[in-house]
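S.K.: Quick one: this structure, given as structure tokens, is what I'll be asking you about.
The values are calculated or read from the model by the stated rules, or taken from the named source; none is laboratory data. On a predicted model such as this, the values are computed, not experimentally measured, just so you know. Here the Cβ positions follow ideal geometry from the backbone for every residue, glycine too, while neighbour counts run over all protein chains shown.
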Amino acid sequence: DLARLLLEVLTRRLHGVYHIVSPTCTSKYAFGVALAKQFGYDASLIQPSSIEEARLAARRAHRLTLRSEKLARAIGRLPPTWKEGLIRFHVQAQAGYPRRLRAWVGMTVRP
């Protein structure tokens with residue numbers, strides 16, 4: 001999805017800052033659970049945590065989101081949601097796409 005949108009931005013010769021992101025937001029936890037479920041892993045192994053529990057040196061906001069409306073206006077449609085992208089990513093993984101990409105860039109392909 002990202003590659004297609006980047007090509008479209010370049011083809012249209014758009015200038016400025018465009019956030020190529022899902023029009024819907026999610027948490028890292030919810031994304032991890034969805035990823036595990038999509039790929040058939042045990043989602044109960046993923047545990048939620050908070051920013052406060054992480055004790056990071058620099059403060060972080062609770063909600064870190066970007067807006068995709070400017071991109072949507074420029075290309076005439078919303079970018080895919082993160083859920084749609086995750087489903088496509090899984091379909092591509094099942095079809096051997098990662099292996100083909102590694103072979104294409106000359107990386108050693110694992111069995």
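S.K.: Kindly indicate whether LYS37 is of a type in the set (Lys, Arg), out of contact with any strand residue (DSSP E or B) (no Cβ under 8 Å at 6 or more places or on another chain) and closer than 24 Å to LEU6 by Cα.
M.R.: Considered against the rule, which asks whether it is of a type in the set (Lys, Arg), out of contact with any strand residue (DSSP E or B) (no Cβ under 8 Å at 6 or more places or on another chain) and closer than 24 Å to LEU6 by Cα, LYS37 comes out as no.
S.K.: Continuing with this model, one more query. Tally time: how many residues in region 20-58 are in contact (Cβ under 8 Å) with a residue 40 or more places away in the chain and among the small types (Gly, Ala, Ser)?
M.R.: Within region 20-58, residues that are in contact (Cβ under 8 Å) with a residue 40 or more places away in the chain and among the small types (Gly, Ala, Ser) number 2.
S.K.: Take region 26-46 and flag every residue that is of a type outside the set (Ser, Thr, Tyr) and assigned to a helix (DSSP H, G or I).
M.R.: Selection gives LYS28, ALA30, PHE31, GLY32, VAL33, ALA34, LEU35, ALA36, LYS37, GLN38, ALA43, LEU45.
S.K.: Filter region 1-43 down to the residues that are among the β-branched types (Val, Ile, Thr) and more than 26 Å from ARG60 (Cα to Cα) and list them by number.
M.R.: Result: VAL9, THR11.
S.K.: Right, next: In the set THR65, THR26, THR81, which member is among the β-branched types (Val, Ile, Thr) and modelled with pLDDT of 95 or more?
M.R.: Being among the β-branched types (Val, Ile, Thr) and modelled with pLDDT of 95 or more holds for just one of THR65, THR26, THR81, which is THR81.
S.K.: For region 98-105, check the following and say yes or no: at least one residue is β-branched (Val, Ile, Thr) and surrounded by 12 or more Cβ atoms within 10 Å (Cβ to Cβ).
M.R.: No, because not a single residue in region 98-105 is β-branched (Val, Ile, Thr) and surrounded by 12 or more Cβ atoms within 10 Å (Cβ to Cβ).
S.K.: Let me ask something else about it. Would you call PRO79 outside any helix (DSSP H, G or I), under 19 Å from the mean Cα position of the chain (by Cα) and surrounded by 10 or more Cβ atoms within 10 Å (Cβ to Cβ)?
M.R.: Here the answer is yes, as PRO79 does meet what is asked.
S.K.: Could you identify the single residue in ALA74, ALA103 that is assigned to a helix (DSSP H, G or I), of a type in the set (A, V, I, L, M, F, W, C) and in contact (Cβ under 8 Å) with a residue 40 or more places away in the chain?
M.R.: Matching residue, one of ALA74, ALA103: ALA74.
S.K.: It is to be established whether one or more residues within region 47-70 are assigned to a helix (DSSP H, G or I) and under 27 Å from VAL9 (Cα atoms).
M.R.: Yes: region 47-70 contains one or more residues that are assigned to a helix (DSSP H, G or I) and under 27 Å from VAL9 (Cα atoms).
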